[in-house]
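S.K.: Before I ask anything, here is the structure I am working with.
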Amino acid sequence: MNNAEEKKLSEEEAAELLNQYHRTNDVKLRNTLVMHYSYIAKTSAMQLRGLASGYAQTEDMVNQGIITLIDCIDKFDGSKGMKFESYAFMRVRGGIIDLVRKQDWIPRRVRAAAREISNAHTELCSELRREPTEEEIAARLGLSVNKLRQYNYEVAGSVTFSFEELIQNVNQMGSLLDSATSDYTTPEKQLLKNEMREKLKNAIEALSERERLVVTLYYFENLNLSEIAQVLEVSVQRVSQISTKAISKIRSAMEDYLR
């Protein structure tokens, strides 16, 4: 690879290349842009890989991200005042979430097992007056520990997916408000965007200490649910329950904005 090929585009160069592509529809220019912005697809896939553990491969998620990125390059309208990276990150993440959603990745048997696991967990907590171990939950259900973990990871994935959808919806609304250009509503839209973000902040701050910790570890420290369970010294099932409760509280608080 020569030096010219290795040279990274500056933000200004990339913007100019994007303008040139929209004027000429030169596929070579588009391919150069795809290579330059491919990190958006890779980063988004890595951030969201916990949503599809055991179902969609990270490579499939990256490929979906690249397909969405190409569509972003074709449809981006710089006149709306939004940075391309912000627009692309929002749409690529949405494209990957759509890919995961299309997978039938929470079978009915897993949903039924989730109820049984939750009931067993509650019963054991009451009987033992402490957090039950995986071995104790598995024994109560007549499952192997590995099978219990398989069900827990699948169910926990549905919880993080639900949370990711919630955050995606809020971010998407904020980004759409950012890009709005209607002169007569700009102040109102800016106010709505600020209120929406403040409401989300307040909703998170209103969570219990442990619920906030789970949210922080997952979204800001990029830990998966298994790692969070180790940090809290509880089962993945317990982390899943905490996450579910946090999602319910935040979704209720954001109801007006997500309607």
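S.K.: Which ones in the stretch 28-45 are out of contact with any helix residue (DSSP H, G or I) (no Cβ under 7 Å at 6 or more places or on another chain) and open to solvent by 80 Å² or more (accessible area, probe 1.4 Å)?
M.R.: So the first thing to find is which residues in the stretch 28-45 are out of contact with any helix residue (DSSP H, G or I) (no Cβ under 7 Å at 6 or more places or on another chain), and the list is 28, 31, 35, 39, 43.
LYS28, MET35, TYR39 - these are the residues of the stretch 28-45 that are out of contact with any helix residue (DSSP H, G or I) (no Cβ under 7 Å at 6 or more places or on another chain) and open to solvent by 80 Å² or more (accessible area, probe 1.4 Å).
S.K.: OK, next. Which residue pairs have Cβ atoms under 7 Å apart, sit 6 or more places apart or on different chains, and have a first residue in the stretch 1-24 that is farther than 17 Å from ILE70 by Cα and a second that is surrounded by 14 or more Cβ atoms within 10 Å (Cβ to Cβ) and modelled with pLDDT of 90 or more?
M.R.: LEU9/LEU17; LEU9/HIS36
S.K.: Limited to the stretch 109-150, what total is found for residues that are at pLDDT below 80, under 14 Å from ARG238 (Cβ atoms) and buried (at least 17 other Cβ atoms within 10 Å of the Cβ)?
M.R.: 2
S.K.: Let me ask another. Could you please let me know if LEU207 is within 25 Å of ARG115 (Cβ to Cβ), surrounded by fewer than 17 Cβ atoms within 10 Å (Cβ to Cβ) and among the aliphatic types (A, V, I, L, M)? Explain how you work it out, then say what you get.
M.R.: Numbers: within 25 Å of ARG115 (Cβ to Cβ): yes; surrounded by fewer than 17 Cβ atoms within 10 Å (Cβ to Cβ): no; among the aliphatic types (A, V, I, L, M): yes.
Considered against the rule, which asks whether it is within 25 Å of ARG115 (Cβ to Cβ), surrounded by fewer than 17 Cβ atoms within 10 Å (Cβ to Cβ) and among the aliphatic types (A, V, I, L, M), LEU207 comes out as no.
S.K.: Could you tell me which numbered condition GLU188 fails, if it satisfies all but one of (1) of a type outside the set (A, V, I, L, M, F, W, C); (2) at pLDDT 55 or above; (3) farther than 24 Å from PHE76 by Cα?
M.R.: (2)
S.K.: At pLDDT below 85 and surrounded by fewer than 16 Cβ atoms within 10 Å (Cβ to Cβ): does that describe THR160? If you could, list the steps in order and put the result at the bottom.
M.R.: Numbers: at pLDDT below 85: yes; surrounded by fewer than 16 Cβ atoms within 10 Å (Cβ to Cβ): no.
So THR160 fails the test.
S.K.: Here is a further query. Is it the case that some residue within the stretch 57-78 is of a type in the set (D, E, K, R), farther than 30 Å from VAL236 by Cα and modelled with pLDDT under 90?
M.R.: Let us first name the residues in the stretch 57-78 that are of a type in the set (D, E, K, R), namely 59-60, 71, 74-75, 77.
From what is left, the residues that are farther than 30 Å from VAL236 by Cα are 71, 74-75, 77.
Next, from what is left, pick out any that are modelled with pLDDT under 90: 77.
Looking for residues that are of a type in the set (D, E, K, R), farther than 30 Å from VAL236 by Cα and modelled with pLDDT under 90, one finds at least one in the stretch 57-78, hence yes.
The values are calculated or read from the model by the stated rules, or taken from the named source; none is laboratory data. Being a predicted model, the structure only gives us computed values, none of them experimental. With ideal geometry, Cβ positions are generated from the backbone for all residues, glycine too; neighbour counts draw on all protein chains shown. For the accessible areas, the whole protein counts, side chains as well, though only heavy atoms, and no ligand, DNA or RNA atoms are used. Shrake-Rupley method; radii C 1.70, N 1.55, O 1.52, S 1.80 Å.
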